[in-house]
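Student: A single structure is presented below for examination.
The values are calculated or read from the model by the stated rules, or taken from the named source; none is laboratory data. Computed from a predicted structure; not experimentally measured. Reconstructed Cβ throughout: ideal geometry from the backbone, glycine too, with neighbour counts over all protein chains shown. For accessibility, only protein heavy atoms count, side chains too; no ligands or nucleic acids. Shrake-Rupley method; radii C 1.70, N 1.55, O 1.52, S 1.80 Å.
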Amino acid sequence: MTASSAISFLAPAKLNISLRVFGKRPDGLHHIRSVMVPVSLYDEVTVEETSAGISVEVDDPAVQGGIGNTCHRAAALYQEWAGGPEGVRVRVRKTIPAEAGLGGGSSDAAATLKGLIALTGKSPSPEKLLSLAAAVGADVPFFTMGRPALVEGYGDLLTPVEWKVPFFAVIVKPPFGLPTREGYEKLGREPAGPPGRVAPPSFREWGDLVSAVGNDFENAWGDVRPDIRGIKGELLAAGAEAAGLSGSGSAVFGLFRNERDARSAKRRLGNGNGRRLFVARNI
């Protein structure tokens, strides 16, 4: 392998500071409105040119590799648009847990697109890149943007938000995952047209952040997974100023003003019983 034949990117996780789910679209997807923020919990994605085909290798047995992986779809769509490269090998070193609502698979796919652009020198327009990303999956456009955003539509309409509030988050991944499709089914939204677009919020002060935290999926999972409510309570008791579910779950986050308090809370909660804890900051 030469320096020019492979390239690696860090693929960050995201937190849904807020998430509302509206009616179901004719294509079966849902209209959403969410404030998403990338955080410093990363997978590493390496993209390499090969002679033929597309292969995706993941070092976590809980995550499907091969043709079923979002990175495979991203590479295939890029190949179709760019007319190459003839072969692509994607290797993913996982840290972001699966079925957690942290966007790991979508971020990996966005990193795959970035890797292919860097390797080939063929860069689509910003509009085309978002179109390719949206064809891969709902959260992929957000990760191609790489900054806090108000996300609407089914995840394809992005507006940057003003963000002047640094934070640290303690992220708790319980020993179970929550499948996104089942979460939407539990919400039971009826078919409906899109809600009106809204002006992007601004996050200038700590209170703007704390007051924004909320997630419709907490109601969907409430009776089935009381652990979610329990983890929120643990985080608040450990000093978090707000706590919520990310995405459709199962990861729960608590927000802190500084790293010292976040790490103290992480020690207080502790690992064990199959759950994993992380401290991350907004990026």
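Student: Please turn the phi angles of the stretch 12-27 into ³J(HN,Hα) values with the Karplus equation 6.51 cos²θ - 1.76 cosθ + 1.60 (θ = phi - 60°), one per residue in order, whole Hz, x for glycine and proline.
Tutor: x, 7, 9, 10, 8, 4, 9, 7, 10, 10, 9, x, 7, 7, x, 7
Student: Let me ask something else about it. Each residue of the stretch 264-271 in turn: what ³J(HN,Hα) in whole Hz from Karplus with 6.51, -1.76, 1.60 and θ = phi - 60°, glycine and Pro shown as x?
Tutor: Per-residue couplings from phi come out as 4, 5, 4, 5, 5, 6, x, 7 Hz.
Student: Follow-up. Output the direction-averaged projected area (hull surface divided by four) of the convex hull of the alpha-carbon atoms of the stretch 10-55, in nm².
Tutor: 5.6 nm²
Student: Report, as a whole number in µm² per second, the diffusion coefficient that Stokes-Einstein gives for the stretch 92-214 at 37 °C and 0.692 mPa s using the Kirkwood radius over alpha carbon pairs. Mind showing how you got there, number by number?
Tutor: Values: Rh = 16.8 Å.
Rounded, D is 195 µm²/s.
Student: Rank by packing, highest mean first: peptides 28-41, 210-223, with packing defined as the count of other Cβ atoms within 10 Å averaged across residues. All intermediate terms of the calculation are to be shown ahead of the outcome.
Tutor: Values: 28-41: 20.4, 210-223: 17.4.
Highest mean packing first, the order is 28-41, 210-223.
Student: Further, regarding this structure: Residues of the chain: accessible area per residue at 1.4 Å, in Å²? Could the numbers behind the result be given before it?
Tutor: On the way: 12560 Å² over 283 residues.
Per-residue value: 44 Å².
Student: With contacts defined as alpha carbon pairs under 8 Å and 6 or more residues apart, what's the relative contact order of the stretch 228-283 in percent? Provide the component values of the computation, followed by the final result.
Tutor: On the way: 55 pairs, mean separation 15.5, N = 56.
It comes to 28 percent, rounded to a whole number.
Student: May I ask for the equivalent-ellipsoid semi-axes of the stretch 125-283, computed as the square root of five times each C-alpha gyration tensor eigenvalue and listed largest first in whole Å? Please report the intermediate quantities before stating the final value.
Tutor: Details: eigenvalues 149, 87, 45 Å².
For the stretch 125-283, the semi-axes come out at 27, 21, 15 Å.
Student: Kindly write out, for the stretch 44-51 in residue order, the coupling ³J(HN,Hα) from the Karplus curve 6.51 cos²θ - 1.76 cosθ + 1.60 (θ = phi - 60°), rounded to whole Hz, with x marking Gly and Pro.
Tutor: In residue order, the calculated couplings are 10, 10, 10, 10, 9, 6, 10, 6 Hz.
Student: Continuing with this model, one more query. Long-range amide H contacts for residue 23: which residues qualify at under 5 Å (H placed 1.01 Å from N, peptide plane, sequence gap of 5 or more or a different chain)?
Tutor: HN-HN under 5 Å from residue 23: 31.
Student: Could you compute how fast the chain diffuses translationally, taking Rh as the Kirkwood radius over C-alpha pairs and applying Stokes-Einstein at 25 °C with viscosity 0.890 mPa s? Give it in µm² per second. Spell out each step's value before the answer.
Tutor: Numbers: Rh = 19.3 Å.
Diffusion coefficient, whole number: 127 µm²/s.
Student: Thinking of the stretch 1-137 as a set of Cα atoms, what percent of all their pairs are more than 25 Å apart?
Tutor: Values: 2570 of 9316 pairs.
Taking all Cα-Cα pairs of the stretch 1-137, the fraction more than 25 Å apart is 28 percent.
Student: Now a separate question. What is the mean projected area of the alpha carbon convex hull for the stretch 163-248, to one decimal in square nanometres? Mind dumping the intermediate values first?
Tutor: Numbers: hull surface 28.4 nm².
That works out to 7.1 nm².
Student: Can you give the Rg/Rh ratio of the stretch 68-131, where Rg is from the C-alpha atoms and Rh is the Kirkwood radius? Each step should come with its number before you reach the end.
Tutor: Numbers: Rg = 12.1 Å, Rh = 12.4 Å.
Checking Rg against Rh, the ratio lands at 0.98.
Student: Assuming R0 = 41 Å, what is the FRET efficiency of residue 44 and residue 237, from their Cβ-Cβ distance, to the nearest 0.05? It would help to have the intermediate numbers written out before the result.
Tutor: Numbers: r = 34 Å, r/R0 = 0.83.
With a Förster radius of 41 Å, E is 0.75.
Student: Can you list the lysines whose alpha carbon is less than 26 Å from that of residue 232, not counting same-chain residues fewer than 8 positions off?
Tutor: 14, 94, 164, 173, 186, 266
Student: Another one. Take the Cα of residue 198, step 7 Å along the line toward its Cβ, and report every residue of the stretch 206-240 whose backbone nitrogen sits under 17 Å from that point.
Tutor: So the set is 207-219.
Student: Still on this model: Of the accessible area of the chain, with the probe set at 1.4 angstrom, what percent is carbon plus sulfur?
Tutor: Numbers: 6130 of 12560 Å².
Exposed carbon and sulfur together represent 49 percent of the surface.
Student: With r as the distance between the Cβ atoms of residue 259 and residue 186 and R0 = 30 Å, compute the FRET efficiency 1/(1 + (r/R0)^6) and round to 0.05.
Tutor: On the way: r = 35 Å, r/R0 = 1.18.
Using R0 = 30 Å, I get an efficiency of 0.25.
Student: Okay, moving on. Amide H to amide H under 5 Å from residue 156: which residues, 5+ apart in sequence or cross-chain, H placed 1.01 Å off N in plane?
Tutor: Result for residue 156 returns nothing.
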